[in-house]
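The structure appears right after this line, and notes come after that.
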């Protein structure tokens, strides 16, 4: 009987399972496979499902689980974005306003850091040069 090696803690499994609209029977089978590490053949026999069906469901569970965990992470963590032209355009008005009011590049970079944007002096300088006509 083939034993699947990829496992996860019960708490992680429960978080993912709660976001799925699967039958309780299938979730119980997945718990046996993923949390308890029971061999596919035994789980198939216990729940009256084919090994192929269980392996496919297991793959879908992990795939959807990855999305759920990523979504969870994103809700609780702000991304740190490397500053490039596109990211800085989002803050264009604020950046130009700060510069026009006499704030230094270093202070603008500090402001961007509060917005979880990592900018270098060179990146900011290039951005300001490309928007020089707008500043006037």
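Some values worked out for this structure:
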{"read-out": "Number of positions in region 70-95 that are at pLDDT 85 or above and either under 15 Å from residue 121 (Cα atoms) or loosely packed, with under 10 Cβ neighbours inside 10 Å (or both)", "value": "2"}
{"read-out": "Members of region 118-136 that are assigned to a loop (DSSP other than H, G, I, E, B) and surrounded by 13 or more Cβ atoms within 10 Å (Cβ to Cβ)", "value": "119, 131"}
{"read-out": "For residue 44: the one exception among (1) surrounded by fewer than 14 Cβ atoms within 10 Å (Cβ to Cβ); (2) farther than 30 Å from residue 117 by Cβ", "value": "(1)"}
{"read-out": "Sole exception among (1) more than 30 Å from residue 116 (Cα to Cα); (2) part of a helix (DSSP H, G or I) for residue 49, by number", "value": "(2)"}
{"read-out": "Positions within region 10-27 being touching a helix residue (DSSP H, G or I) at 6+ places or on another chain (Cβ under 7 Å) and modelled with pLDDT of 95 or more, in sequence order", "value": "25, 26, 27"}
{"read-out": "Matching residues in region 6-37 - criterion: being assigned to a helix (DSSP H, G or I) and under 20 Å from residue 73 (Cβ atoms)", "value": "10, 11, 12, 13, 14, 15, 16, 17, 34"}
{"read-out": "Residue in region 96-117 that is more than 30 Å from residue 132 (Cβ to Cβ) and exposed (fewer than 13 other Cβ atoms within 10 Å of the Cβ) present", "value": "no"}
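The values are calculated or read from the model by the stated rules, or taken from the named source; none is laboratory data. Bear in mind that the values here come from a model prediction, so they are computed numbers and not experimental data. Note that we place each Cβ from the backbone using ideal geometry, even for glycine, and neighbour counts take in every protein chain shown.
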